[in-house]
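Reading through the structure tokens given below for one structure.
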Protein chains: 2
Amino acid sequence: MDLQRIKYFLALSEQLHYWKTAEKVNITQSALSRQIQSLENELGLQLFERNKRNVKLTPAGKFLKEKWEVELNELEYIHQFAKQIHLGERGTITIAHPDSISASIMPDILAKITQAFPQLQIKLVQVLYENQLDFLKNYKIDLAITRDITSEQGIKSKKIYSDHLALVVPLDHAFKSFEDLSKESLSAQKFILPTKDEGSSYSEIIQALFKSYDLVPDVFLHSEFGSTIIALVRKGLGIAILPDSYMHHQSPGLRFIPLPFKTDILINWRADDHNPVLSNILSLVFDC
Amino acid sequence: MDLQRIKYFLALSEQLHYWKTAEKVNITQSALSRQIQSLENELGLQLFERNKRNVKLTPAGKFLKEKWEVELNELEYIHQFAKQIHLGERGTITIAHPDSISASIMPDILAKITQAFPQLQIKLVQVLYENQLDFLKNYKIDLAITRDITSEQGIKSKKIYSDHLALVVPLDHAFKSFEDLSKESLSAQKFILPTKDEGSSYSEIIQALFKSYDLVPDVFLHSEFGSTIIALVRKGLGIAILPDSYMHHQSPGLRFIPLPFKTDILINWRADDHNPVLSNILSLVFDC
DNA sequence: TCCATTAATGCAAAATACGCATTAATAAAT
DNA sequence: ATTTATTAATGCGTATTTTGCATTAATGGA
């Protein structure tokens, strides 16, 4: 059954006149007549009660006119919706990102996306660094924003930003600026540091930092959760090293002392992911 | 857009394999390939992500698979429903009938209809005799069961039953049987009779009845409503003449004395009404 | 009774769909 | 790295379907 036939039927059911309808839908009266006939044959019922003079809907025709009008509108809407999905204007994308950028570049990125594609549904999740690649490969997330470089097969990666590390101390702490740091002053401190993962490039940078002072830090606690670390530092339980993106969080009572070490932020996605939503978001993000 | 194409798409979206799908839907792989291609062109989007080795739904394809499955089911149901309307198995018919047969032949007729066509919706209405033809012509009712013969253009009519007139008296009334009736005994009575309509064949029969006794009845009240008349007779306000169908109503305290006058029950419908529901009901009723 | 209107239909042309055979790409096996 | 098996796409001739033109036949109104 051709939807075009149903459209012809609907046109005729309005006009109830073959010639006028045929003209309106740009076919000949002969073609229209046969289209209606084959529609009737296909359905095994009569749509119009007609003689050579009058055309009138049968009860079944009346019923189908009402129902088909609804269904055709429905289908048209569905097709439009599908087209938007095809263009990447509709759909869902799940993004994992570190807490550190929640208040810095994430708002920028999200604002850009929602402005360009207001119909997109974005799911933000926080995933432990060690799980990110698995989640990406298993379609639990579509985009992973991370500080770790990956050379995984099938995962594409691109740097989108970089920020400095900063030493985070309470306001009343002796450290006021970078010049106050030395092997001696640092060795007296208790540190709160991120979890030391195998092969995590972010951990390696922090290790490199301490190595530059030829120091093994006294680590009081490991945590991956920036907000936890900040709270502990504010209570004077130790000092921490965090990306200076955290300065964008409202954190009174703390001093951020920038350090000459940079940490990159990368965006990762599946190489074989052809979801048009992803392509749209990638090209938006790369324009930053 | 051909619904067949959508069916092909749905089959392929299940199998995700052209050859197997083509075999399943009884066309060649070549034809299937081209059907999917033209569907994609028609919609202006890609349904499958495919190379020479793998077939996989795109996000838009996934969306359409879900939606189209629902829509196609819906359409199939609609078409079945329409077919039932065409066969007169579904639909609505409005029937007017006199109160007199509510408890006699109407239950028989209705039982027969609902047994043969359980999906039919029947509306029963009571219409004043004088309005019946108008209601029929103006599509307010589809079938009029009446005691009046009509020779109206465009209205078909057929007798389906006939019953006798009966004199209705209270149990304690002097009249016990037909032999008690005479010009003298009748002229002493007060009568409750139906409204005397112009050209109503039922009124004429009652007039003929009195004429056979060479009598002009003392009419105390006119009413078309049988139940009203019966209540009044039971209270001793007068005696009445009604079709003996009323004996099927539960009417304690009354005696029905059959009279040798018959009144026909006719069924009327529009000659140009081709509603299949009507045809079905007519052929059922005529089999009585 | 005749005329104007109008849906159906015969027929040939155009468009579309189909099947067969082949091609080209790719994953798996060696 | 090379070969092989698998499989979606495609060229081409054929079959089917649809279309438009011209005509027919039925019908309501004058």
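The values are calculated or read from the model by the stated rules, or taken from the named source; none is laboratory data. Since the structure is predicted, the reported quantities are computational estimates derived from the model, not experimental observations. We place every Cβ from the backbone using ideal geometry, glycine too, and count neighbours over all the protein chains shown. Please note that ligands, DNA and RNA were not included when accessible areas were found on the heavy atoms of the full protein model with its side chains. Shrake-Rupley method; radii C 1.70, N 1.55, O 1.52, S 1.80 Å.
Here are some notes:
- For residue B:253: the one exception among (1) closer than 29 Å to residue B:156 by Cα; (2) more than 29 Å from the chain's Cα centre (by Cα): (1)
- Taken over segment A:1-49, residues that are within 14 Å of chain B (Cβ to nearest Cβ), more than 10 Å from DNA strand C (Cβ to nearest atom) and open to solvent by 30 Å² or more (accessible area, probe 1.4 Å) amount to 8.
- From the list B:95, B:101, B:105, the lone residue that is in contact (Cβ under 8 Å) with a residue 24 or more places away in the chain, among the hydrophobic types (A, V, I, L, M, F, W, C), touching a helix residue (DSSP H, G or I) at 6+ places or on another chain (Cβ under 6 Å) and under 30 Å from residue B:223 (Cβ atoms) is B:101.
- Of the residues in segment A:258-272, at least one is within 14 Å of another protein chain (Cβ to nearest Cβ), open to solvent by 40 Å² or more (accessible area, probe 1.4 Å) and under 26 Å from the mean Cα position of the chain (by Cα).
- Of A:54, A:26, all but one fail to be within 13 Å of DNA strand D (Cβ to nearest atom) and either more than 30 Å from residue B:41 (Cβ to Cβ) or touching a residue at least 12 places away in the same chain (Cβ under 8 Å) (or both); the exception is A:54.
- Single match in B:139, B:129 (criterion: of a type in the set (Phe, Trp, Tyr) and within 21 Å of residue B:203 (Cα to Cα)): B:129
- When residue A:74 is tested against (1) of a type in the set (D, E, K, R); (2) closer than 30 Å to residue B:81 by Cα; (3) touching a helix residue (DSSP H, G or I) at 6+ places or on another chain (Cβ under 6 Å), exactly one condition is not met: (3).
- Residue, farthest from residue A:81 (Cα to Cα), within segment A:273-288, restricted to residues that are more than 14 Å from chain B (Cβ to nearest Cβ) and in a helix (DSSP H, G or I): A:286
- Residue within segment A:73-80 that is open to solvent by 20 Å² or more (accessible area, probe 1.4 Å), more than 10 Å from DNA strand D (Cβ to nearest atom) and farther than 30 Å from residue A:274 by Cβ present: yes
- Of note, residue B:146 does not satisfy the criterion of being within 14 Å of another protein chain (Cβ to nearest Cβ) and among the hydroxyl-bearing types (Ser, Thr, Tyr).
- Matching option when the condition is outside the structural domain of residue A:114 (by TED's automatic domain parsing), at pLDDT 95 or above and farther than 30 Å from residue A:83 by Cβ, among A:225, A:220, A:256: A:256
- The numbered conditions (1) in contact with a helix residue (DSSP H, G or I) (Cβ under 7 Å, 6 or more places away or on another chain); (2) aromatic (Phe, Trp, Tyr); (3) exposed (fewer than 15 other Cβ atoms within 10 Å of the Cβ) are all true for residue A:68 except (3).
- Flag for residue A:52 being more than 14 Å from chain B (Cβ to nearest Cβ), under 23 Å from residue A:161 (Cβ atoms) and open to solvent by 40 Å² or more (accessible area, probe 1.4 Å): no
- Residues of segment B:218-248 that turn out to be free of Cβ contacts under 8 Å to residues at least 40 places away in the same chain and assigned to a strand (DSSP E or B), as a count: 5
- The residue of segment A:55-64 that is nearest to residue B:87 (Cα to Cα), among those that are open to solvent by 30 Å² or more (accessible area, probe 1.4 Å) and within 15 Å of DNA strand C (Cβ to nearest atom), is A:57.
- Criterion violated by residue A:251 - all others in (1) touching a residue at least 12 places away in the same chain (Cβ under 8 Å); (2) within 30 Å of residue B:55 (Cβ to Cβ); (3) in a loop (DSSP other than H, G, I, E, B) satisfied: (2)
Per-residue answers, yes or no, for (1) at pLDDT below 95; (2) of a type in the set (S, T, N, Q):
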{"position": "B:88", "(1), (2)": "no, no"}
{"position": "B:93", "(1), (2)": "no, no"}
{"position": "B:98", "(1), (2)": "yes, no"}
{"position": "B:104", "(1), (2)": "yes, yes"}
{"position": "B:114", "(1), (2)": "no, yes"}
{"position": "B:119", "(1), (2)": "no, yes"}
{"position": "B:123", "(1), (2)": "no, no"}
{"position": "B:129", "(1), (2)": "yes, no"}
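- Any hit, segment B:159-173, residues being among the hydroxyl-bearing types (Ser, Thr, Tyr) and touching a Phe, Trp or Tyr at 6+ places or on another chain (Cβ under 8 Å): no
- Selection count, segment B:61-76, where residues are within 8 Å of chain A (Cβ to nearest Cβ) and free of Cβ contacts under 8 Å to residues at least 12 places away in the same chain: 4
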